[in-house]
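Engineer: Handing you a structure now.
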Amino acid sequence: MQRMNWAHGVLEPAPEIRETIKTLGQLEGIFQDASAWRAMDPGRVVYRVQAWCPVVEGTEGGLFWGTTLVESGQVGSEYFMTHGHFHAKRNRSEYYATIEGEGALILMDESRKTWTEPMSPGSVHFIPPRIAHRVANCGSVPLRFVACWPSDAGHDYEAIRKSGFEAQLLNVNGEPKLVRSRT
Ligand code: PAN
Ligand code: ZN
């Protein structure tokens, strides 16, 4: 058994809880405005993930539980966001549920069609099979959400590193707007 602190949206530290931090420096090529990215502190934390993986990664039939905290911020006009991925086993799905903050779940299918679902405290999101997913924080406080995904889903980050998402979530006159990078 593990314990969630629901008020803070975090798992209580325990030897079984894996914690990772992603800094701007580790997210090269992810944000659209490369010169804005270069001008920022590479050590600045963009998001933190906790994962409880009670079975060995790759095991069929198990589930993992995680929390993510995306800091508030922008690279140029693009909101701070997670790297984003397809699941390596493309037919594996996932739930996200928001605890605190305001943002958007950005989804993209294999034909690169991209859309968003607004995230706010209490929103629960089903990420269907074969859909790439990432989360942007559009607010002024950290965006915290929990996730539950199959232990054999795996993560394909390479597809996103190579081709990105079809559209970026930008701050346009103070409002989040999905702007297509290609026609
Ligand atoms: C989540 C994500 C987490 C961090 O647990 O892994 O929010 O995002 P990236 O993995 O894109 O860096 C999940 O979707 N697991 O499958
Ligand atoms: Zn996922």
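The values are calculated or read from the model by the stated rules, or taken from the named source; none is laboratory data. None of these values were measured; they are calculated from a predicted model. We place every Cβ from the backbone using ideal geometry, glycine too, and count neighbours over all the protein chains shown. The accessibility values were calculated without ligands, DNA or RNA, using every heavy atom of the protein model including side chains. Shrake-Rupley method; radii C 1.70, N 1.55, O 1.52, S 1.80 Å.
Engineer: Kindly state which strands (runs of 3 or more DSSP E) lie completely within segment 87-173 and contain at least 1 residues that are acidic (Asp, Glu).
Structural biologist: Ranges flagged: 94-100, 114-119.
Engineer: Can you tell which of Ala14, Ala7, Ala39, Ala34 is within 21 Å of Gly84 (Cβ to Cβ), aliphatic (A, V, I, L, M) and surrounded by fewer than 16 Cβ atoms within 10 Å (Cβ to Cβ)?
Structural biologist: Exactly one residue qualifies, and that residue is Ala34.
Engineer: State which residue is nearest to Glu78 (Cα to Cα) when the search covers only segment 7-59 and only residues that are among the hydrophobic types (A, V, I, L, M, F, W, C), under 19 Å from the mean Cα position of the chain (by Cα) and part of a loop (DSSP other than H, G, I, E, B).
Structural biologist: So in segment 7-59, the residues among the hydrophobic types (A, V, I, L, M, F, W, C) come out as 7, 10-11, 14, 17, 21, 24, 27, 30-31, 34, 36-37, 39-40, 45-46, 49, 51-53, 55-56.
Imposing the further condition that a residue be under 19 Å from the mean Cα position of the chain (by Cα) reduces the set to 10-11, 17, 21, 24, 27, 30-31, 37, 45-46, 49, 51-53.
If we keep only those that are part of a loop (DSSP other than H, G, I, E, B) too, we end up with 30-31, 53.
Values: Ile30: 10, Phe31: 7, Cys53: 32 Å.
For segment 7-59, the residue satisfying everything is Phe31.
Engineer: Taking segment 144-183 on its own, how many of its residues are farther than 30 Å from Thr59 by Cα and aliphatic (A, V, I, L, M)?
Structural biologist: 6
Engineer: Can you name the number of the only condition in (1) touching a residue at least 40 places away in the same chain (Cβ under 8 Å); (2) within 16 Å of ligand 2 (Cβ to nearest atom) that Asp109 fails?
Structural biologist: Here Asp109 meets the rest and fails (1).
Engineer: Could you list, in sequence order, all residues of segment 70-116 that are within 24 Å of Gln26 (Cβ to Cβ) and small (Gly, Ala, Ser)?
Structural biologist: Passing the criteria: Ser72, Gly73, Gly76, Ser77, Gly84, Ala88, Gly101, Gly103, Ala104.
Engineer: Can you name the condition, by its number, that Glu71 falls short on among (1) acidic (Asp, Glu); (2) under 12 Å from the mean Cα position of the chain (by Cα); (3) open to solvent by less than 20 Å² (accessible area, probe 1.4 Å)?
Structural biologist: (3)
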